[in-house]
Structure formats: structure tokens, C-alpha cells
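What follows is a set of notes on a single structure, which appears directly below.
The values are calculated or read from the model by the stated rules, or taken from the named source; none is laboratory data. Since we're looking at a predicted model, the values are computed, not measured. Here the Cβ is made from the backbone with ideal geometry for all residues, glycine too, and neighbour counts use every protein chain on show. The area values use the complete protein model at the heavy-atom level, side chains included, leaving out ligands, DNA and RNA. Shrake-Rupley method; radii C 1.70, N 1.55, O 1.52, S 1.80 Å.
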Amino acid sequence: MKKQWIAAVLAATVALTATACGGADTDTTDDSAKKGGTGAAVFNGQLEENVTIRVLENDTAIEKGYFKELIDAFNEEYKDKGIQAVDANMDQYLDLANDGPYGYGPDVLYQANDIIMKYADGKHILPLPAEEFECFEQIPETAWNAFHTTVDGAEYTCGIPVNVQAPMLYYRKDLLPADWESAWDEDKDSVPDMIQSWSKMYDYSVARHEANKKQYGYMKSLNDMYFSSGFLFSYGGFIFGNNNTDPSEIGFAAGEAEKGAQVLSQLASAMNEDCIDDTITTNAYSKLADGSYFATISTPDVYSTFLDELTKAYEEQEGLSEWDAAKKAEENLVMTALPQLPSSGDLTDKNAEQIVSKCMGGVNGYAVSSYTKAPNACLEFVKFATSYDMVKRRAHMLGIAPARGDVAKEVGGTSEQIFKNLDAGNIILMPSISAIAQIWTPGQTFFIDLAQDVYRADNEKKYKDLASMKAGLEDMCKQINEAITTLQ
């Protein structure tokens, strides 16, 4: 039960800004504290007067206008209480640990769980009384766990989940071959085979490029550890041991993870050299819109960006009105779950059993800075921002997958798919420990090398078989371990 693991929020005798989520110097055995009671002054329910809350949101929410709606609605609601929320006007990747102590950080921040929990380790954010939130019972335990930490036997919640991040397949329905129902729907379930199977996606990618050298099927930068690691997880790989809490055990090479590396290598062979670096990641919006790419993978929160780009393309290419172009874009841009993988790890194996694709995921949410001078006002803002109406509005405007079950049910579609995969263990949430910061560079180095290998001469290839791919993954794990131990 969630109520059993949401623990002491504040200590009764010492200001919480001195302890925050990263530790506690006080006795937290008091029953009221363990129930999330008002044991300390920092969250005492007395709203600070005539204060301005600086809120750090992500760039997409700002660009698409959601953030303005949020702060406008909050300011209208609290205008008689002397509280105003404003855009912190800071880079979304601001380092709170370095800037917060000097008063340059935001009061409230919206970030992924791994970033928020990194700040928790350094006592830069406040533990929150999660049970006081109206959304508490609507959010699954898995999502709460992403913001959960235990210190000296006491359990704390350091962020309020808003949306679940997980890779999704984006594709253009109007770029399917005209004969797809007869040629690309073997099981006759009215769903294109390439959407259900990575093997079929590979076949279609090869066929599409052979028909037109300027066009490709599936395209994605392999150097992105967040997206590429899921292929390793699908065959037994993992991040850290003991349910991602023990960084002394690094599992990217575990099981038959090399099969996932082989799948990535095969997919890269149907792309171009843009898959080696960030090129495909940055141009995917425009290339999907102009028809150069048939499919890619990204997260739900950028759905609106893909949609806007496709709408613009229809206006320019077909002379449609903005309304007609937007309608056509909504009809043809599809976001769905990832295709299945062959158990053999060979996309050319036509007889292999199909297995579910796993992926790395995360949970984005709100946290409150330890350095704020208005913690109670900040808490009110976070409660407002995580309310049913605001999360539903966020889902509508940005296409996010809500962490709230009631909103996810209302939104339907991919949100329900993501919840199903989360519950089934097919979304591996980024560990909420500081060691996660050390996986990205070694991982990127390996995946870049794997992508480059496709374009090397045969006598220069490094990854000719599963054994060599296994060795490459083991070396990556070694580099991650060295990075972690060096910084301890």
C-alpha cells in the first residue's frame, strides 16, 4: 500500500530545509510524522503573503502555451491570497545543486525523476506530504516509487508524478503502401505488419529505400542511450542490480542483451549515416512531415511538435487551409506502442517467436526547492498543477501520458497502452539514484561505435557476430562501473 511507504515528511524540531530529501538528522519515529503529518513548520498550511513563485517548466510546455495557461489559471485562483506564479525564465536543465544555494534556482521545478532524485541526494529539494494531494490515490505505486527514497529507515516522497515517459512509435498512416492490406497484413487483423513487428519494419524500410533512394522507413539516432537501451532490456539486460538500487551490479550486458545490439545494427543498416549522431533525433519532426521518413520513436510529450510540423507541411505542400491541414495531420500521424521483436535477435529470421519490446522510461513531476522562501505557497502551486483539470489540459495540449489513472482513462488511447506496459514491467523506469548519471556517456560511446560499424569495410568491422557485441557491451559496463567508482 502506498500509505505504508509514504513516510515522515518533516521533522518536528529542525527546519526541513536543512535535511530535505537526501537525509534526516532528526528523529522521525513520531507517528504523526510517519503519516505525513504537519510535524514541522515548513509545510504548516499557513500561506506566505505577497510572494512570487518562480516555476521552472519544460520547453515544450512553454512553447505550446500550456505553461501560460497553468500560471494564468493559478494566479487567478490565488489572486486574493497574495501569491503569484511566474516563469522562472531559466534553462530547463538548470543545475539546482550549484545555483540554488545562491538564490538563482527556481522555487518549483518540473523535471524527470532521475534529475529530481539526484537533487534529493544533495538535499536540494523538500520531501512532500504526498497523502495530502488530491491525486494521491489516482497515481500507481510504480510511478510514486520513482520519487521515493528511504533514509535511516524513514521513507520520503520527493516529487509528485505528472506524466509517464516511454518511447512510442510514430508513423505516417498516409505513407503506408497502397497495397498494405493485401501485402503487409499477413494475419489480417487490419493493422499493418510493420507496426507490430520490428522484423517487418526492417523489411519495409529496405523496400521503401530501394524504391526511392531519398526515402526511408524507420529512422532513429542510435547514439541515444535512452531509446537504444530498451533493445538490450528486451533480451535480459538491465540497468542496476536489486531492482535498480545497487549500482555495483551493472546489467546492460546481462542475459542475451547482445541480441538487442544485433537488432539495432540491422536497423541501422536500413538507415543512413545520420543514425550515428544526433542528426535523426533533431530532424525527425521535419523529415517525418515531408515524407522522407516513414517512422521513428520518441516520447509522448512531443506529439504536439510532430503534429504541428505535419500540419505545416500539408499547408505548404498541398495548399490546405490551416484547419484542413490540422485535421489531416491528426488523421495520419499515429503514435502507438513499440513493435515486437524476434526471440532470436535476428530481423531476417522469419520463423522466430515474437517477444514484447521493453524500453527505458521515466516519470516527470513537480518538486519544491529547499531554498524557497515560500514553501507553503509552492505546495499549493504543485497541488493546483497536479489537479485533474490541469493534468487533463496538459494531456490535451501536449499529448503526454498522464500519471493520474483517472485522466489516463479519460484520455484513452496510448495512455492506456503505456499504463499497461508499466504495470507489466515492460517499461524500465530510470533508477532514482545518482549513479544513473554515469550510464549515458559510456552507453552513447558504444552505440555510436555500433552504428559506425555498419558503414565500415568488412575487414574493419568490430561487431561481426553476437560474441563481439557481447564483448562490446561488457566493456561498456566496465566503463560505467569505473565512472561510478571514480566519483564515489
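Observations
- Using alpha-carbon coordinates, inclination of helix 466-486 to the longest axis of the chain, degrees: 20 degrees
- Under 28 Å from the Cα of LYS312 - lysines, other chains or at least 8 residues apart: LYS64, LYS68, LYS173, LYS213, LYS214, LYS220, LYS287, LYS327, LYS328, LYS392
- Accessible area of region 45-142 belonging to carbon and sulfur atoms, whole % at 1.4 Å probe: 42 percent
- Normalised radius of gyration (Cα atoms, divided by 2.2 N^0.38 Å) for the chain: 1.02.
- Judged by the mean number of other Cβ atoms found within 10 Å, the most tightly packed of the peptides 281-293, 458-470 leads the ranking 281-293, 458-470.
- Within region 250-326, all pairs of alpha-carbon atoms sorted by distance into 10 Å bins from zero give the percentages 16, 36, 28, 14, 6, 1.
- For region 130-161, backbone nitrogen atoms closer than 11 Å to the point 7 Å from TYR388 Cα along Cα-to-C-beta are found at 135.
- Cα gyration tensor shape of region 302-369, rounded if a/c is under 1.5, else prolate or oblate by comparing a/b with b/c: oblate
- Translational D in µm²/s for region 197-268 (Stokes-Einstein at 20 °C, 1.002 mPa s, Kirkwood Rh from C-alpha pairs): 159 µm²/s
- Set of aspartates and glutamates with alpha-carbon distance to LYS462 below 12 Å, sequence-local pairs under 8 removed: ASP449, ASP453
- The length gained by stretching the chain between GLN317 and ASP187 to full extension, at 0.36 nm per residue less their Cα-Cα distance, is 43.3 nm.
- Judged by the gyration tensor of its Cα atoms, with axes a ≥ b ≥ c, region 329-488 is oblate; a/c meets the 1.5 cut and b/c is at least as large as a/b.
- Each residue of region 229-291 gets 115 Å³ once the volume of the Cα convex hull is shared out per residue.
- Considering only alpha-carbon pairs that sit under 8 angstrom and 6 or more positions apart, the relative contact order computed for the chain is 23 percent.
- Cross-link partners for LYS420 among the lysines, with Cα-Cα distance under 18 Å and sequence neighbours closer than 8 places in the same chain left out: LYS358, LYS409.
- Counting every C-alpha pair in region 103-238, the share spaced more than 18 angstrom apart comes to 70%.
- Projected label distance in nm at ASN75 and ASP152, using a 7 Å step from Cα toward the beta-carbon: 4.2 nm
- Rounded to the nearest 10 degrees, the angle from helix 388-398 to the longest Cα principal axis of the chain is 30 degrees.
- Region 208-239 residues near the modelled ILE355 label - backbone nitrogen below 15 Å, point 7 Å along Cα→Cβ: 229-239
- Dipole check for the chain: with +1 at the C-beta of Lys and Arg, -1 at the C-beta of Asp and Glu, and the Cα centre as origin, the magnitude is about 320 Debye.
- Dipole size of region 289-348 about its Cα centre, with +1 on Lys/Arg Cβ and -1 on Asp/Glu Cβ: approximately 240 debye, rounded to the nearest 20.
- The orientation-averaged shadow of the Cα convex hull for region 403-457, equal to a quarter of the hull surface, comes to 6.2 nm².
- Kirkwood-based Rg to Rh ratio, region 77-168, C-alpha trace: 0.98
- Here the Kirkwood formula puts the hydrodynamic radius of region 429-488 at 12.7 Å, using every distinct Cα pair.
- Within the chain, helix-based [θ] at 222 nm, where runs of 4 or more DSSP H residues each add -39,500 (n - 2.57), nearest 500: -12000 deg cm²/dmol
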